[in-house]
Amino acid sequence: MSNLRLVWNEPSGLTPVADRRPGAPAVVDSWLVADGRVRDLMLHGRRFLGACAELAPELSPATVLDFLDAVRHWLPSHGRWFPRIEAYGGPEPGLALWPRPAPAPGAGEVTLWIPPDPDPRVCPTVKGPDLRVLAGLRERAKAVGADDALLYGSGGTVLETAHSALVWWRGDELCVPEADLLVLPSVTRTHLERLAECWRCSVRRESVDLAELPALETWTLNALHGLRPVRAWIGADGRSTAARVSARAADWRRAVRHRAVLPAANLWELPCAH
């Protein structure tokens, strides 16, 4: 995949450069663009703004907003794309857009690997600082036949996966992680909670233990793939067990996928939520 970046500067806007700048970005965010339509772009922008204020404070909110507006204008009207926006802090702060084509759609269900050790992240609530660690976990998951790795705390409380949020079901009640758990603020999970409210489906915030989760119907959520049910679990010992599934995921997945829209011109005028 090309490393071409579009670097942001005030007078020139987004300018292509041959390669990425040295060093890892402090903050990243990404979303699926399909024929110009995006799901919850404003929420992605707000998350990026808040993370920049925390980890790249050298970038003023006004500068980040101008960059986000330029990104909105860049969004292609045709094809499938998975662009990544990047913020760099320190003595040479900067912003960049990585205009990546979207990978081919993955399978509609996933297998999750339960690693032997708890969550290794150092900054779990911001997307960016732990990218390399998370990529390594996913590679280990793939090596045993899984799609992603489960993340859990030292006490066994389930958090999310290396690249997705998690929700689970207790009967007809949708369950999401407690608000005080150290998880990434998931745009797709927020979208699902709003959908549940529209459908008058009860939502419960709770903690679930690692030993209990495999017995519950569980879904993964992310911007690229939307909603995908867990079909199997692979333990640290390599044993695979079937997951609990139901037919309801199809309706929810279809609803999430069809709620992508063309971004509005005044998308970034609302105040950011830090």
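For this structure, a couple of remarks:
- Residues in segment 133-147 that are open to solvent by 10 Å² or more (accessible area, probe 1.4 Å), in contact (Cβ under 8 Å) with a residue 40 or more places away in the chain and in contact with a strand residue (DSSP E or B) (Cβ under 6 Å, 6 or more places away or on another chain): V144, D147.
- Filter pass, L75 being closer than 24 Å to C52 by Cβ and touching a residue at least 12 places away in the same chain (Cβ under 8 Å): yes
- All helices (runs of 4 or more DSSP H) inside segment 36-143 with 2 or more residues being among the aliphatic types (A, V, I, L, M) and assigned by the TED database to the domain that holds G13: 41-55, 61-74
- Of residues in segment 197-218 being over 26 Å from R46 (Cβ atoms) and among the hydrophobic types (A, V, I, L, M, F, W, C), the one surrounded by the most Cβ atoms within 10 Å (Cβ to Cβ): L213
- Beta carbons closer than 6 Å, at least 6 apart along the sequence or on distinct chains, pair a first residue in segment 169-181 that is in the same structural domain as D119 (by the TED database) and on the phi < 0 side of the Ramachandran plot with a second that is buried (at least 17 other Cβ atoms within 10 Å of the Cβ) and in a loop (DSSP other than H, G, I, E, B) for W169/E217; P177/V183.
- When residues of segment 219-263 are limited to those that are assigned to a helix (DSSP H, G or I) and open to solvent by 80 Å² or more (accessible area, probe 1.4 Å), the one modelled with the highest pLDDT: D251
- Within segment 176-196, restricting attention to residues that are more than 14 Å from W219 (Cα to Cα) and outside any helix (DSSP H, G or I), the residue that is most open to solvent (accessible area, probe 1.4 Å) is D180.
- Filter pass, V126 being in contact (Cβ under 8 Å) with a residue 40 or more places away in the chain and among the hydrophobic types (A, V, I, L, M, F, W, C): yes
- Check on L150, aliphatic (A, V, I, L, M), at pLDDT 95 or above, open to solvent by less than 30 Å² (accessible area, probe 1.4 Å) and touching a helix residue (DSSP H, G or I) at 6+ places or on another chain (Cβ under 6 Å): no
- Checking G226, G238 one by one, the residue that is within 16 Å of R253 (Cα to Cα) and not assigned by the TED database to the domain that holds R46 is G226 and no other.
- The residues on offer are D148, D209, D180, and the sole one that is within 20 Å of the chain's Cα centre (by Cα) and more than 25 Å from L224 (Cα to Cα) is D180.
- Looking across segment 14-51, the residues that are in contact with an Asp or Glu (Cβ under 9 Å, 6 or more places away or on another chain) and open to solvent by less than 40 Å² (accessible area, probe 1.4 Å) come down to P25, A26, V27, V28, D29, W31, H44, G45, F48, A51.
The values are calculated or read from the model by the stated rules, or taken from the named source; none is laboratory data. Quantities reported herein were computed from a predicted structural model and do not represent experimental measurements. Cβ coordinates were reconstructed from backbone atoms using ideal geometry, including for glycine residues, and neighbour counts include every protein chain displayed. For accessibility, only protein heavy atoms count, side chains too; no ligands or nucleic acids. Shrake-Rupley method; radii C 1.70, N 1.55, O 1.52, S 1.80 Å.
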